[in-house]
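Some notes on the structure that comes next.
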Amino acid sequence: MFQTFKEWFWLERFWLPPMMTWSDLEDHDGLVFVKPSHLYMTIPFALLLLVIRYFFEKFIATPLAKTFGIEKKIKKVIPNTILENFFKHSTRKPTQNDIYGLAKKCNLTERQVERWFRSRRNQDRPCRLKKFREACWRFAFYLMITIAGIAFLYDKPWTYDLWEVWNGYPKQPLLPSQYWYYILEMSFYCSLLFSLGSDVKRKDFLANVIHHLAAISLMSFSWCANYVRSGTLVMIVHDVADIWLESAKMFSYAGWKQTCNTLFFIFSAIFFVSRLIIFPFWILYCTLILPLHYLDPFFSYIFLNLQLMILQVLHLYWGYFILKMLKRCIFLKNIQDVRSDDEDEEEEEEEEEKEQEEAVSKDGHCLKNGLRADRHLIPNGQHGC
């Protein structure tokens, strides 16, 4: 049964153009061609990247974070058995009626109960140090793989279509640079899938999973069918923008807002040019439109372009978030990752609330010490409560 499935799965009409057979891709005269078995190496390499990431974050990213003044700070809430049980077994965000009932049970004010739940939610949030280390690791890898991609592709032609690829390039032997470029890139995305459970979860978590799966599927298929040329172009177009995004995140977590804004503007420009112009109107046009002039669609053509179109939909999805962040930066002079959890805003609200209460407390102390209620307590025309 397994042998039957294997023979059906590797049918030439699924993977190769009508004019090609697997025998065309057999090694001969010292020339090596791509083989599906090469992809088995991505799993051990993905595990190796996870080990390298661990030591990178511990011995490089963490000291760098401390240099930027980023430390692991966990704010512990005051223990309360009743509120803790409600938090764990009922809901993390109680309604106003729940807050009223809990306040009566705990002999607290409703505001104190609201603040306790807000602080308790923030306590479970990943700290800035964790976010910085993740961004630092991705930045280091994207920088390395982009340099490698440019070194490999700088003297290769960028204008092509699948008819040209199917009639000549698939029969070209595999270069060592192509092998390592593919293996490292696929291993990295596999490692990201393996670490999804421990990495910081954002609003686009599902989109990230789909993106990783689509990227791995696309690279695997283009490798097995020997469409390495189109695969390498897709990879470099994606990687070139990610360097700037991860560096912008690093400086954002470090509090360097001006540098973060500058890097984010650079990322946005490269993203829109590479993924919303070059990718659809250059690469996708060459793989989707031009071949229709020469042959009827077949499985390889449909499957390859379906995956490319899924990536393009994700590009539009993220482009929407980028535009929202650009709007915040231009009109509010602040970039906040709109994919982040809403708890970021809750933490800021909590800090502002504490500052206000401290100010009120100070003003009340002054009033108790004989200041008139209508006296200016704060300069520049601002009044105390």
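The values are calculated or read from the model by the stated rules, or taken from the named source; none is laboratory data. Quantities reported herein were computed from a predicted structural model and do not represent experimental measurements. All Cβ positions, glycine included, derive from the backbone under ideal geometry; neighbour counts span all protein chains shown.
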Would you confirm whether or not the stretch 39-51 contains a residue that is assigned to a helix (DSSP H, G or I), of a type in the set (Phe, Trp, Tyr) and in contact (Cβ under 8 Å) with a residue 12 or more places away in the chain?
yes
Residue count, the stretch 268-294, condition within 14 Å of Gly319 (Cα to Cα) and without any contact (Cβ under 8 Å) to a residue 40 or more places away in the chain, comes to 6
Determine whether the stretch 221-233 contains at least one residue that is buried (at least 20 other Cβ atoms within 10 Å of the Cβ), in contact with a Ser or Thr (Cβ under 7 Å, 6 or more places away or on another chain) and more than 26 Å from Trp22 (Cβ to Cβ).
no
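Only one residue in Ile70, Ile82, Ile78 is aliphatic (A, V, I, L, M) and assigned to a helix (DSSP H, G or I). Which one? It would help to see each step written out before you state the result.
Values: Ile70 fails: assigned to a helix (DSSP H, G or I); Ile78 fails: assigned to a helix (DSSP H, G or I).
Of the residues listed, the single one that is aliphatic (A, V, I, L, M) and assigned to a helix (DSSP H, G or I) is Ile82.
So which residues in the stretch 2-22 are out of contact with any helix residue (DSSP H, G or I) (no Cβ under 8 Å at 6 or more places or on another chain) and of a type in the set (A, V, I, L, M, F, W, C)?
Initial filter on the stretch 2-22 (out of contact with any helix residue (DSSP H, G or I) (no Cβ under 8 Å at 6 or more places or on another chain)): 2-9, 11, 18.
Result: Phe2, Phe5, Trp8, Phe9, Leu11.
The rows are residues; the columns are (1) over 20 Å from the mean Cα position of the chain (by Cα); (2) under 29 Å from Met235 (Cβ atoms); (3) at pLDDT 90 or above; (4) surrounded by fewer than 18 Cβ atoms within 10 Å (Cβ to Cβ).
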position: Glu110; (1), (2), (3), (4): yes, no, no, yes
position: Phe117; (1), (2), (3), (4): yes, no, no, no
position: Arg121; (1), (2), (3), (4): yes, no, no, no
position: Pro126; (1), (2), (3), (4): no, yes, no, yes
position: Arg133; (1), (2), (3), (4): no, yes, yes, no
position: Trp137; (1), (2), (3), (4): no, yes, yes, no
position: Met144; (1), (2), (3), (4): no, yes, yes, yes
position: Tyr154; (1), (2), (3), (4): yes, yes, no, yes
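Yes or no: Ser361 within 24 Å of Arg275 (Cβ to Cβ) and modelled with pLDDT under 55?
No, not satisfied.
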Test: residue in the stretch 275-283 that is assigned to a helix (DSSP H, G or I), closer than 21 Å to Trp223 by Cβ and modelled with pLDDT under 95
yes
Please state which of the following conditions Tyr160 fails to meet, knowing it meets all the rest: (1) at pLDDT 80 or above; (2) under 30 Å from Met235 (Cα atoms).
(1)
Being surrounded by fewer than 17 Cβ atoms within 10 Å (Cβ to Cβ) and more than 30 Å from Phe33 (Cα to Cα) is the filter here; which residues of the stretch 200-220 pass it?
Val200, Lys201, Arg202, Lys203, Phe205, Leu206, Ala207, Val209
For the stretch 234-271, which residues satisfy the criterion of being crowded, with 20+ Cβ neighbours inside 10 Å, among the charged types (D, E, K, R) and farther than 15 Å from Ile145 by Cβ?
Lys249
Scope the stretch 192-247; condition under 13 Å from the mean Cα position of the chain (by Cα), at pLDDT 85 or above and polar (S, T, N, Q); matching residues:
Ser195, Ser247
Which pairs have Cβ atoms under 8 Å, sit 6 or more apart or on different chains, and link a residue in the stretch 133-151 that is among the charged types (D, E, K, R) to one that is at pLDDT below 95 and not in a helix (DSSP H, G or I)?
Glu134/Asp199; Glu134/Val200
